[in-house]
Amino acid sequence: RRKLHSDSKGVMITALTVHRQKKGKFFAVCQTELGDAYKVSLDLQKGDGTYSVTGITVSLLDTLPVANSLNITKLGMLFVAAEFSNHALYQFERIDLADVAPTTKSSQVREVMDSLVSSSSSVEIDRSQFFT
């Protein structure tokens with residue numbers, strides 16, 4: 001969240017693209033109405049011929065011009081069809097961002113919520129504050 005953005009107002013995702021990699025791996029790049037771009041990946045567990053989602057990982061990429069559309073090419077280029085400025089083409093230096101970008105996992109949110117609940121049984125916790 002940005003400091004100047006009101007806490008009472010949610011953030012809207014305005015553009016999304018999914019990139020499929022080899023061996024069934026994939027990730028999505030989404031952009032908010034403010035121009036912030038995020039990499040979203042799903043942690044999958046293979047079952048009996050099906051996959052189930054066990055977690056979600058979100059990493060901040062960068063702030064880009066607000067786009068009408070995002071596209072990722074097979075060569076690893078991100079095309080931003082900008083809404084109000086010139087279109088842009090970006091190249092990914094790396095896609096594993098856990099070490100270099102602010103990242104959060106759904107398991108981290110779950111751990112924080114569980115620790116809050118277990119540490120104080122008499123205090124009610126509004127869980128909606130974690131999912132804005």
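Given the pairs 46/105; 3/74; 23/105; 3/23; 39/74, which span a C-alpha to C-alpha distance of over 28 angstrom in this model?
Flagged as over cut-off: 3/74; 3/23.
Using the Karplus curve 6.51 cos²θ - 1.76 cosθ + 1.60 with θ = phi - 60°, what ³J(HN,Hα) values do you get for each residue of segment 51-58, in whole Hz, with x for Gly and Pro?
10, 10, 7, 9, x, 10, 10, 10
Readers should treat all values here as calculations from the given coordinates under stated rules, not as data from a laboratory. Treat the numbers as computed from the prediction; the structure is a model and nothing was measured.
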